[in-house]
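Each value in this text was obtained by applying a stated rule to the coordinates, not by laboratory testing. As the structure is a computational prediction, the values presented were derived from the model and not from experiment. Cβ placement follows ideal geometry from the backbone for every residue including glycine, while neighbour counts extend to all protein chains displayed.
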Amino acid sequence: MIADQAPPDLVAARGRLRELFGYDDFRGHQADVVARVLAGRSTLAVMPTGAGKSLTYQLPATMMAGTCVVVSPLIALMHDQLRSARANGIRAATLTSQDSDWRETQDAFRRAELDLLYVAPERASQPAFRDFLSAAPLCLFAVDEAHCVSEWGHDFRPDYRQLRPLMDAFAGVPRLALTATADARTREDVRAQLGIPADGMVLAGFDRPNIRYTLHHRDNPVRQISDLMRAAPGAGIVYVPTRRKAEELAVKLEQATGRVVRPYHAGLEPETRAANQSAFVSSEDMVVVATVAFGMGIDKPDVRFVAHAGVPKSIESYYQETGRAGRDGDPAQAVMLWGAGDFAQARQRLSEVPEDRRGGERARLDALAALVETPGCRRAVLLRHFGEDPPQKCGNCDNCLEAPGVIDATETARKLLSAVFRTGQSFGMGHLQKVLTGAEDDRVRQRGHDRLSVFGIVDGEEARLLQPLARVLQARGALIANEHGGLALGGDARAILKGEAPVVIAVPPKQGKGRRRSDSAPNPVGDPLFDALRELRRELAIEAQVPPYVVFHDATLREMAATRPSSLTELGRIAGVGTRKLEAYGDRFLTVIRQH
Ligand code: ADP
Ligand code: ZN
């Protein structure tokens, strides 16, 4: 066993892991980080969402003498963490403007009775806070969302710059910086800004293997998302580009599915917004239709799907937004519904972008276009974008699961572009299709388009390619739509016309494909014991005023239903059942198991 060779601290840590969290072993790079922290070595941990970053300081904090100061940028996040930590029996507190128990917290800290003390960066940087911290021993500074310290990161927060002087004032206390999103340049900067040695980086991959990526042309978003909601019965987020769409789609999805669906956007009354968000966090199956204003500061682990009803801003934001699905490690879905119009609009907006930023913005769009167009593995495209070298196939994306046929459509593309050119670059696809297929049509005749060389040069089978081809050409910018849908040539259209640039497209899926039932909900359907366990979890969550996942994750309930433990000892062996939760809830769960 590895445990025999591990340093003693890590052996003790495994025991603690079982006792506090009910997990048998560390996941991924957690053990590396915990070992470094226990050895007092400062560390920058870059681990994807859902990897279990919080455990890497929560656990050592309970094993080392002194309090761990956790710097976290959002009050909502801190309170989430606080609830989960306390539910596991960890002595934690927050000092925020929303807390009324400041005195108790300060007293507990001074008496060295706190494992974790959460504060916001703006408080941490105040001199008074430094004096306060001197009153009791510290074991660790944990800096969450550490990319906020870097101007290269996507979320720079000046207050993070004040953390260095604070930590320098406690020279002997090790530092642990954590982030899920940092490219190479940001990582180096974070390390330098926070004073973490060059050998102090633990870098896990970006991959989120439990998320299944599906990208599909948007033909009927209400039907497509209702289908997804049926296949993924848990909580979900649907991202839309505008407030109006958030309102409209929420109503339509609620009507179509009978599920609770709420909008979320910056235009709602603050109370409504807060109410919708907290209802979502506490729910097992609510769906929120939101603008990108939603998501920061929510680390609900049991989000089963994230859908995009339009093309996101960039691959970075796509990855961050879809990353909110499946933090608990259970299967989850990321579905993007894209339209050629999304790309057309985005490319039109390029002209409003200042000259010096235009190239970068165009590259962003090209990267997104490559993702939606690829007939290959979606995950591979995503991971390569983040500088990794992934396998060719992941086995858990739409294209890996059902490989689309691939066709060299260069000739058809040349015919289409040529028709666009010869008709004067102002007609939409409907008209162009009629011209290309040689349709008997008054408008075509009136314009004299039946006399063009491109009239009737596309036959039946090939005609099926025209629509998907037009989408692909718009996504890559070779066709540009005006506000009336009229198409003009752009991008590499000329190179395609000259036969210098090939156009390879995925064969359009047959109707009905993609409706396959998904396995994004591994929860047993119609198992009375599992349902009863969930019911009990709901009751306990309401009693304790916490979201159900704080009581137990679905995976823990599934294991209970499958193994039917009959004693506290057996129950305590299930993953996710630590000592504290066993004591608090064990008897009630055993009773339910006995009754079924
Ligand atoms: P992150 O902050 O990296 O996004 P979290 O700290 O929120 O991730 O953890 C994600 C989920 O993984 C949590 O629900 C946590 O309980 C679970 N988890 C963490 N470590 C382990 C482990 N070693 N074994 C099983 N589950 C774990
Ligand atoms: Zn794949």
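A few remarks follow.
- Using the Cβ-Cβ distance between A544 and Q348 with R0 set to 41 Å, the FRET efficiency from 1/(1 + (r/R0)^6) comes to roughly 0.20.
- Residues of type aspartates and glutamates that K393 reaches as a straight line, Cα spacing below 18 Å, ignoring anything fewer than 8 places off in the same chain: D207, E373, E402
- Hz values of 3J(HN,Hα) by residue in the range 260-271 - Karplus curve (6.51, -1.76, 1.60), Gly and Pro given as x: 7, 10, 10, x, 8, 7, 5, x, 6, 4, x, 5
- Based on alpha-carbon atoms, the Kirkwood radius and the radius of gyration of the range 151-273 give Rg/Rh equal to 1.14.
- Once the C-beta distance of A293 and A584 is scaled by a Förster radius of 35 Å, the resulting FRET efficiency is 0.45 to the nearest 0.05.
- Using θ = phi - 60° in the Karplus curve 6.51 cos²θ - 1.76 cosθ + 1.60, the 3J(HN,Hα) couplings for the range 323-332 round to x, 6, 8, x, 5, 7, x, 6, x, 8 Hz; x is entered for Gly and Pro.
- The length gained on full extension between E535 and R494, counted as 0.36 nm times the residue separation minus their Cα-Cα distance, comes to 8.5 nm.
- Aspartates and glutamates whose Cα lies under 12 Å from that of K581, excluding same-chain neighbours fewer than 8 positions away: E19
- Pairwise Cα separations in the chain fall into 20 Å bins from 0 onward with the following percentages, short to long: 18, 47, 27, 8, 0.
- Estimated inter-spin distance, V251 and D450, nm [label 7 Å along Cα→Cβ]: 4.6 nm
- Entries of K245/K313; K415/K498; K252/K300 with Cα pairs more than 20 Å apart: K252/K300
- Cut-off 13 Å between beta-carbons: net charge of the residues surrounding A180, Lys and Arg +1, Asp and Glu -1: -3
- Label-to-label distance, nm, for residues given as D25 and R594 (7 Å Cα→Cβ offset): 3.5 nm
- Extension gain, A112-T563: 0.36 nm per intervening residue step, less the Cα-Cα distance, totals 158.3 nm.
- Using R0 = 22 Å, the C-beta based FRET efficiency linking V406 and A463 works out to 0.70.
- Given charges at Cβ of Lys, Arg, Asp, Glu: the chain dipole, positive-most of A246, G323, Q595: A246
- Residues in the range 300-318 reached by a label modelled at A370 [backbone nitrogen below 18 Å; 7 Å Cα→Cβ]: 312-318
- Centre separation in Å (Cα based) which lies between the range 279-334 and the range 17-43: 27 Å
- Cα Rg over Rh - the range 383-496, Kirkwood: 1.09
- Peptides 137-144, 84-91 ordered by average Cβ neighbours within 10 Å, highest first: 137-144, 84-91
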